[in-house]
Amino acid sequence: VLEEGQMAYAQTTGTSLKNITLGLQAATEGQLAFKDAAQAAAIGAAAGFSGAQLKRLAVVAKQASNALGRDLTDSFNRLTRGAIKAEPELLDELGIIIRLQKASEDYGATIGKTAEELTTYEKSQAVLNAILEQGESKFGKFEVKVNQVTLAGKAFNDLMLDMQRTLAPFIELLAKAISQSGLFAAAIAGFAFAAPI
């Protein structure tokens, strides 16, 4: 479903969410699962973030999770949601402390506007820039090699995706046949009867 959504988005906007997703996975050395990367790509693109900005967030998330011993997916979600929703409390646990007013003032100064003159989009860019600047400054030196268990988990995830792609048409056909016949109702009734036993 995520892949179909990505294709539809690319056809409509000309922006390839699939490429952004793959870029996020590459930026985290395969530690970010496809589903998490795809969802972040979609939400980030909808918020007006570029693929390059999202990749920078992914790198900061990887470095922060290495430095703090935190889960990468949680760190990445905190960074993206903190930037999109302008919620500094999501970032506090990563040691990234931003003040929205100051971020707006700093960004406004770079584009010749006051903080009050910024549009909603520009305010989100102000927050994103503040997060990236602070995250890269604090965690830019933390490079830890990815352990092999993590890479094996990513390889397993990719294998499962490939299997789902291959089996999906057959499973959909089977599900359609069952749901359009009386067998479906009989199977549900049988399960409901047998489950308590």
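The values are calculated or read from the model by the stated rules, or taken from the named source; none is laboratory data. A quick note: this is a predicted structure, and the numbers were derived from the prediction, not measured. Please note: Cβ atoms are built from the backbone with ideal geometry, for glycine as well, and neighbour counts cover all protein chains shown. When the accessible area is computed, the model is the full protein with side chains, heavy atoms only, and any ligands, DNA or RNA have been set aside. Shrake-Rupley method; radii C 1.70, N 1.55, O 1.52, S 1.80 Å.
Against the list (1) within 12 Å of the chain's Cα centre (by Cα); (2) surrounded by fewer than 18 Cβ atoms within 10 Å (Cβ to Cβ), the condition LEU79 fails is (2).
If we keep just the residues of the range 10-34 that are assigned to a loop (DSSP other than H, G, I, E, B) and touching a residue at least 24 places away in the same chain (Cβ under 8 Å), which is nearest to ALA58 (Cα to Cα)? Talk me through it step by step, then tell me what you get.
First, pick out the residues of the range 10-34 that are assigned to a loop (DSSP other than H, G, I, E, B): 14-16, 28-33.
Next, from what is left, pick out any that are touching a residue at least 24 places away in the same chain (Cβ under 8 Å): 15, 28-33.
Numbers: THR15: 19, THR28: 6, GLU29: 10, GLY30: 11, GLN31: 10, LEU32: 9, ALA33: 12 Å.
The residue in question is THR28.
Only one of the numbered conditions (1) touching a residue at least 40 places away in the same chain (Cβ under 8 Å); (2) at negative phi is not met by ILE111, and that is (1). Can you find even one residue in the range 16-34 that is closer than 23 Å to GLN125 by Cα, out of contact with any His (no Cβ under 9 Å at 6 or more places or on another chain), open to solvent by less than 50 Å² (accessible area, probe 1.4 Å) and at pLDDT below 90? Yes, the conditions are met somewhere in the range 16-34.
Considering each residue of the range 71-103, count those that are more than 20 Å from GLN125 (Cα to Cα) and in contact with an Asp or Glu (Cβ under 8 Å, 6 or more places away or on another chain), and give that number. Here the count works out to 1.
Selection of first residues in the range 36-53 that are over 13 Å from SER124 (Cα atoms) and of second residues that are surrounded by fewer than 17 Cβ atoms within 10 Å (Cβ to Cβ) and modelled with pLDDT of 90 or more, restricted to Cβ pairs under 7 Å at least 6 apart or on distinct chains, gives the following pairs, ordered by first then second residue: GLY51/ASN19. For residues in the range 130-148 being closer than 9 Å to GLN63 by Cβ, over 21 Å from the mean Cα position of the chain (by Cα) and modelled with pLDDT of 70 or more, which is surrounded by the fewest Cβ atoms within 10 Å (Cβ to Cβ)? Looking at the filtered set, the residue picked out is LYS141.
Every residue, every condition in (1) modelled with pLDDT of 95 or more; (2) over 18 Å from ALA41 (Cα atoms), yes or no:
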residue	(1), (2)
ASN66	no, yes
ARG70	no, yes
THR73	no, no
ALA86	no, no
LYS113	yes, yes
